[in-house]
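The values are calculated or read from the model by the stated rules, or taken from the named source; none is laboratory data. Every value quoted in this text rests on a predicted model; they were computed, and no experiment measured them. We place every Cβ from the backbone using ideal geometry, glycine too, and count neighbours over all the protein chains shown. When the accessible area is computed, the model is the full protein with side chains, heavy atoms only, and any ligands, DNA or RNA have been set aside. Shrake-Rupley method; radii C 1.70, N 1.55, O 1.52, S 1.80 Å.
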Amino acid sequence: MQLLNKCPICGGKLYEDNLYQYSRIYEIGKSGKTLSKYKKGVDCPMECAQLYCENKDFITDFEFNVEIPDGFDGRIIRENGKYYIDTEKHGWWDY
């Protein structure tokens, strides 16, 4: 297992893109209609993230499956807040 702290393809910076959701709180006016102004509700993490390289040479989906480059042989693992690439074969599921 190798620490993933830069792009494994070009050596560029890596970014973690976390998705959040929030609500918009609209007031109901005197006429009974929803007013156009709103307040932003509390941010809630959606518990999904993706990794990508600043040059877009390396991109994962939200389950950390590598999408670019095509045919990349390795899997991304997150342990104790750190990312690693595992390129070793462990069993029948890797073939």
Residue ID - least open to solvent (accessible area, probe 1.4 Å), chosen from residues in the range 31-53 that are without any contact (Cβ under 8 Å) to a residue 12 or more places away in the chain and in a loop (DSSP other than H, G, I, E, B): Gly32
Output for the range 28-78, where each listed residue is modelled with pLDDT of 90 or more and acidic (Asp, Glu): Glu54, Asp57
Output for the range 74-92, where each listed residue is part of a strand (DSSP E or B) and touching a strand residue (DSSP E or B) at 6+ places or on another chain (Cβ under 7 Å): Arg75, Ile76, Ile77, Lys82, Tyr83, Tyr84, Ile85, Asp86
Any chance Gly71 is in contact with a strand residue (DSSP E or B) (Cβ under 8 Å, 6 or more places away or on another chain) and not in a strand (DSSP E or B): no
Search result, residues across the range 54-68 that are open to solvent by less than 40 Å² (accessible area, probe 1.4 Å) and part of a loop (DSSP other than H, G, I, E, B): Phe58, Asp61
Qualifying residues in the range 1-30 (those that are open to solvent by 100 Å² or more (accessible area, probe 1.4 Å), part of a loop (DSSP other than H, G, I, E, B) and without any contact (Cβ under 8 Å) to a residue 24 or more places away in the chain) - the one nearest to Asp86 (Cα to Cα): Lys6
